[in-house]
Every structure is written in structure tokens, then in C-alpha cells.
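*Asks:* Sending over a structure as C-alpha cells; questions will come in a sec.
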Amino acid sequence: VATPIGNLDDITLRAINTLKQVDIIIAEDTRHSLKLLNHLEITKPLISYHRHNEEEKTDMILNKIEEGNNIALISDAGTPVISDPGEFIVKEALERNIDVVPIPGACAIITALMAAGVNTRNFTFYGFLSLNKKIRTKELEQIKDNNNTVILYEAPHKIKNTMQDLENYVDDRKIVIARELTKIHEEYIRGKISELISRKEEIKGEYVILLDLNDNEQEDCSKKEMPLEEQYEYYEKKGLEKKEIIKQIAKDRNTNKNEIYQKFLKK
Ligand code: SAM
């Protein structure tokens, strides 16, 4: 069951009803979740379930379901399973033919995308970049080759370091930091990576990082002034329809759409 990512009103009626109806709630941090449950006036037995005990507790929890209990899984905030515990128990439950029902709601990735003003057609979510140097390098290499919007989660004290790594791999691209979403200090900070790195004030709170690599690629493409055919194929590979490609080429070349259209009549 998804719970709010800040504003306590961001919970669905179905989520509230489900939490009222289940026999047991499993939560990442039971003390943290108690605040939400008290606010909703829901009293249920709670079982703590987090990254460090998920494998050990899964069997016991699934046994309880097989004994006839309905159980809801929540995380500290947002959608469980997404950069939060849950993937393991969902897989195990399915192995044991136990029904798993998603109750959707707030999710920081989607909330951030809603007002970031970036390309939302294709996006790649990396979650938190790995702290393991080798894996992190691999992830950064993948980001470098990515033409989509890249979305990352990051912990507050690691943001500068992560932005520095991003700058090293993707150059000084445009970046959006969606901060404290749904909370009082909600803010979208936009700029080039270097501008955000050199900011004097610390970027406090929780945030989602969005890199619109697609947008930058389009700018690069117009700068390079590649041959028309090549430019057409470039956009075709990105999945654009003929009409959209012609519009985009006309925009890149600052020319009339009909002129470009004439050149691609036979396509
Ligand atoms: N499962 C949750 C979800 O998808 O909504 C995310 C859990 S993850 C452990 C926590 C990270 O999500 C934070 O470090 C931050 O990157 C992002 N996040 C959670 N709440 C946020 C908020 N209100 N504003 C911005 N980012 C948030």
C-alpha cells in the first residue's frame, strides 16, 4: 500500500480502507509508520520489516498469510518496493501462489516528473546510485550513453558528490532537483550541473534528481547540423513519428516545416 511522501493528505481512500481492513501491517520503521496510522486512527498489529531483516522475516510473514491473515506492506514514505523493501517478499509470495495486490499512491519519481518540465516520454530510473565504486562507475557509464530523462534518488549528504560524478560523465548538462515534494518547502531547482555544484546554500531535505539528456541531445543535434537524412534517422531511432520528426528538424534548423516535408515526401 502506497503512503504519502510528505503531505499526509496524499493517501487514497482505497489505501485507508485497505489499512483498516487488513489483520496485520508490516512496516519499514514501525515508529515512523505509527505517526501516519495514528493520524488515520488505525490500530493494527505491526511487524517491522526492513532491508536488514527482510529475508529472515519473509517466511514468517508469508506463513501468517497462509494461515488466513491479510497483510499490508507499507514503507516509510511513498510506494513500497520502489527503492524500498518489498521486491523480495513479492517474489516469494508469488512463488507460493499468494495474491499480491498493489494499492497505488504517491511515488517520488512520478511526482517529480509531473512538474519538472523535462521529457516524460522516455525515462530511466536508477534509484540510488551504488556506493560500490565498480558498480557506480558502470551505472554512470550507462547514464552517459542514455538519451532519456534520467531519474535518481539521493540522500541529502551525498548530493554534491553525486552531482560531481554526473558532471564528470555527462558534462555540464541541465539538471532539475525536485526537493521536498508535497511538503512546505517544496521546490524545483533548475540549472546547469556546475551552477548547482557551486551554489552556496546547501540543498536541504529530500530530493529527486532529473537529468533531461534527451533535451540536450536535441540541442547538440541542431548545433552539429548533421545531414538531413542522418538527422531524420536520429529522431526516428528515438521513436518519433514522421510528423514529429519533420517538426523537430524544422525547429532545429529554424526553417519552415513544409520545406522539410517536401524533402521527405517519399518516406
Ligand atoms: N519508495 C519511495 C517512493 O518511490 O516514493 C522512495 C523511497 S527512497 C528510500 C527515499 C528517497 O525518495 C529519498 O532519498 C528521495 O530521493 C526520494 N523522496 C522521498 N520523498 C520525497 C519527497 N517528498 N521529495 C523529494 N524526494 C523524495
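The values are calculated or read from the model by the stated rules, or taken from the named source; none is laboratory data. Values in this document were obtained by computation on a predicted structure and should not be read as measured data. All Cβ positions, glycine included, derive from the backbone under ideal geometry; neighbour counts span all protein chains shown.
*Asks:* Please specify each residue of the range 173-189 satisfying the condition of being among the charged types (D, E, K, R) and either more than 6 Å from the ligand (Cβ to nearest atom) or surrounded by 15 or more Cβ atoms within 10 Å (Cβ to Cβ) (or both). Working first, answer last.
*Replies:* Looking only at the range 173-189, we keep the residues that are among the charged types (D, E, K, R), and these are 173-174, 179-180, 183, 186-187.
Result: Arg173, Lys174, Arg179, Glu180, Glu186, Glu187.
*Asks:* Scan the range 107-122 for residues that are within 16 Å of Ile175 (Cβ to Cβ) and buried (at least 19 other Cβ atoms within 10 Å of the Cβ) and jot them down.
*Replies:* If the condition is that a residue be within 16 Å of Ile175 (Cβ to Cβ) and buried (at least 19 other Cβ atoms within 10 Å of the Cβ), then Ile109, Ala112, Leu113, Ala116, Val118, Asn119 are the ones that fit.
*Asks:* Here's a follow-up. If a residue must be touching a strand residue (DSSP E or B) at 6+ places or on another chain (Cβ under 9 Å) and polar (S, T, N, Q), how many such residues does the range 10-36 contain?
*Replies:* 4
*Asks:* Only one residue in Ile61, Ile82, Ile74 is more than 19 Å from the chain's Cα centre (by Cα) and either more than 16 Å from the ligand (Cβ to nearest atom) or modelled with pLDDT of 95 or more (or both), so which one is that? Steps first, please.
*Replies:* Details: Ile82 fails: more than 19 Å from the chain's Cα centre (by Cα); Ile74 fails: more than 19 Å from the chain's Cα centre (by Cα).
So the residue among Ile61, Ile82, Ile74 that is more than 19 Å from the chain's Cα centre (by Cα) and either more than 16 Å from the ligand (Cβ to nearest atom) or modelled with pLDDT of 95 or more (or both) is Ile61.
*Asks:* Here is a check on your reading of the model: is Val170 more than 16 Å from the ligand (Cβ to nearest atom) and β-branched (Val, Ile, Thr)? Step through it out loud before you land on a result.
*Replies:* Values: more than 16 Å from the ligand (Cβ to nearest atom): yes; β-branched (Val, Ile, Thr): yes.
Against the criterion (more than 16 Å from the ligand (Cβ to nearest atom) and β-branched (Val, Ile, Thr)), Val170 qualifies.
*Asks:* Does Lys44 satisfy the criteria of being away from the ligand (no atom under 16 Å from the Cβ) and in contact (Cβ under 8 Å) with a residue 12 or more places away in the chain?
*Replies:* Values: away from the ligand (no atom under 16 Å from the Cβ): yes; in contact (Cβ under 8 Å) with a residue 12 or more places away in the chain: yes.
Spelling it out, Lys44 is indeed away from the ligand (no atom under 16 Å from the Cβ) and in contact (Cβ under 8 Å) with a residue 12 or more places away in the chain.
*Asks:* What pairs can you find where one residue is in the range 2-24 and more than 15 Å from Ala106 (Cβ to Cβ), the other is at pLDDT 95 or above and of a type in the set (S, T, N, Q), and their Cβ atoms are less than 6 Å apart, with a gap of 6+ or different chains?
*Replies:* If the second residue must be at pLDDT 95 or above and of a type in the set (S, T, N, Q), the pairs left are Val22/Asn70; Asp23/Asn69; Asp23/Asn70; Ile24/Asn69.
*Asks:* When you scan the range 99-121, do you find a residue that is of a type in the set (A, V, I, L, M, F, W, C), away from the ligand (no atom under 16 Å from the Cβ) and in a helix (DSSP H, G or I), even just one? Working first, answer last.
*Replies:* First, the residues of the range 99-121 that are of a type in the set (A, V, I, L, M, F, W, C): 100-101, 103, 106-110, 112-116, 118.
Still in the running and away from the ligand (no atom under 16 Å from the Cβ): 100-101.
Adding the requirement that they be in a helix (DSSP H, G or I) leaves none.
The answer is no; no qualifying residue exists.
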